[in-house]
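Colleague: The structure is given below, and queries will be raised subsequently.
Here, each number is a calculation from the coordinates, and none is a lab measurement. On a predicted model such as this, the values are computed, not experimentally measured, just so you know. Counting neighbours? That spans all protein chains shown, and the Cβs are built from the backbone with ideal geometry, glycine included.
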Amino acid sequence: MIVSQIPQHNSIDAKDQAANEAGEIVTRAIKQVRSMSHLLHPPLLDEVGLLPALRWYLEGLTKRSGIATSFEVKPADFPRLTGDLETAIFRVIQEALTNAFRHSGASKTRVTLSQQEGQVMVTVGDDGKGVGPEIAEMRAGSLGVGLAGMRQRAKEFDGKLRLTNTNPGTLVEIVVSAKRLLPVEQHTTA
Ligand SMILES: Nc1ncnc2c1ncn2[C@@H]1O[C@H](COP(=O)(O)OP(=O)(O)O)[C@@H](O)[C@H]1O
Ligand SMILES: [Mg+2]
């Protein structure tokens, strides 16, 4: 550790240099922790809602990974949802995209968000290597915490998670009940 070695340096210059380096490392670490906690709970999500938060996340993903992302929303005036549903949807999309990034080798992903007939539908598709049948069928023991968590979140909102090998690529689909939908006026004046 640089900091613990500082007292052992015998020249003032060496001490200064080590202290400067240690300072830079701390600054970098603080930056990393900040951006990690923003990824875990983006302030945008509470303030401006799901759509801008997703656009921000997709932009960041493309910057970090080089994976092209497209995002479609229907209807264009997609309503604000309750905070817990918006958070759940954000997390599910984030996890699906993280999986596409970590496991699929995809060059493109496509996210859609739509609302109709009392339901909200989310799809995340990639053009990567696809998932095997044991994962698509969600056989016991084949899911990691990511997919299990996605399925759990869907369940909490009376919904379902489906994984399909679209050959090429993977399609993740989540449908949740929109009975917790809130009209935008109620949400913003609450
Ligand atoms: N989009 C994807 N493309 C290819 N494989 C995937 C994709 N999503 C998930 N997988 C596979 O499913 C497994 C389980 O995913 P997950 O439950 O999120 O756990 P983890 O990401 O921690 O491995 C992954 O290890 C990977 O093999
Ligand atoms: Mg995962």
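Colleague: Quick check for the chain: number of Lys pairs with alpha-carbon distance under 30 Å, counting only pairs 8 or more apart or on different chains?
Modeller: Lysine pairs meeting both conditions in the chain amount to 18.
Colleague: Same structure, new question: Provide the gained length on full extension for the span residue 55 to residue 71, in nm with one decimal, where the gain is 0.36 nm per separating residue minus the Cα-Cα distance.
Modeller: Taking 0.36 nm per residue and subtracting the Cα distance, the gain is 5.0 nm.
Colleague: Given R₀ = 35 Å, what would the calculated FRET efficiency be for residue 142 paired with residue 116, taking r from the Cβ atoms and rounding to 0.05?
Modeller: For R0 = 35 Å, the calculated efficiency reads 0.65.
Colleague: Indicate the helices, whole DSSP H runs only, in the chain that combine a mean Kyte-Doolittle hydropathy of 0.0 or more with a Cα extent along their long axis of 15 angstrom or more.
Modeller: Helices meeting the criterion: 83-99.
Colleague: Next question, about the same structure. Can you compute the equivalent ellipsoid semi-axes for the chain, i.e. the square root of 5 times each eigenvalue of the Cα gyration tensor, sorted largest first and rounded to whole Å?
Modeller: After diagonalising the Cα gyration tensor, the semi-axes are 39, 23, 15 Å.
Colleague: Can you list residues whose amide H is under 5 Å from residue 71's amide H, if they're 5+ apart or on another chain and H is modeled 1.01 Å from N?
Modeller: Amide H to amide H, under 5 Å and 5 or more residues apart or across chains, residue 71 pairs with 111.
Colleague: Quick check: from the Cα gyration tensor, does region 95-141 come out rounded (a/c under 1.5), prolate or oblate?
Modeller: The shape class here is oblate.
Colleague: Return the single residue from 115, 94, 17 with maximal mean-square fluctuation; model: Gaussian network over the chain, springs between Cα atoms under 10 Å.
Modeller: Top of the fluctuation ranking is 17.
Colleague: Follow-up. Between rounded, prolate and oblate, where does region 46-135 land on the alpha carbon gyration tensor, with a ≥ b ≥ c its root eigenvalues, rounded for a/c under 1.5, else prolate if a/b exceeds b/c?
Modeller: prolate
Colleague: Could you check the simple spin-label distance between residue 31 and residue 84, using points 7 Å along Cα→Cβ, in nm with one decimal?
Modeller: Distance between label points: 3.8 nm.
Colleague: Now for a different question. Give, in nm to one decimal, the length gained when the segment between residue 14 and residue 64 is fully stretched (0.36 nm per residue of separation minus the Cα-Cα distance).
Modeller: Between residue 14 and residue 64, full extension yields 14.4 nm more.
Colleague: Something else: Among 164-170, 136-142, how do they line up by average Cβ neighbours within 10 Å per residue, starting with the highest?
Modeller: 164-170, 136-142
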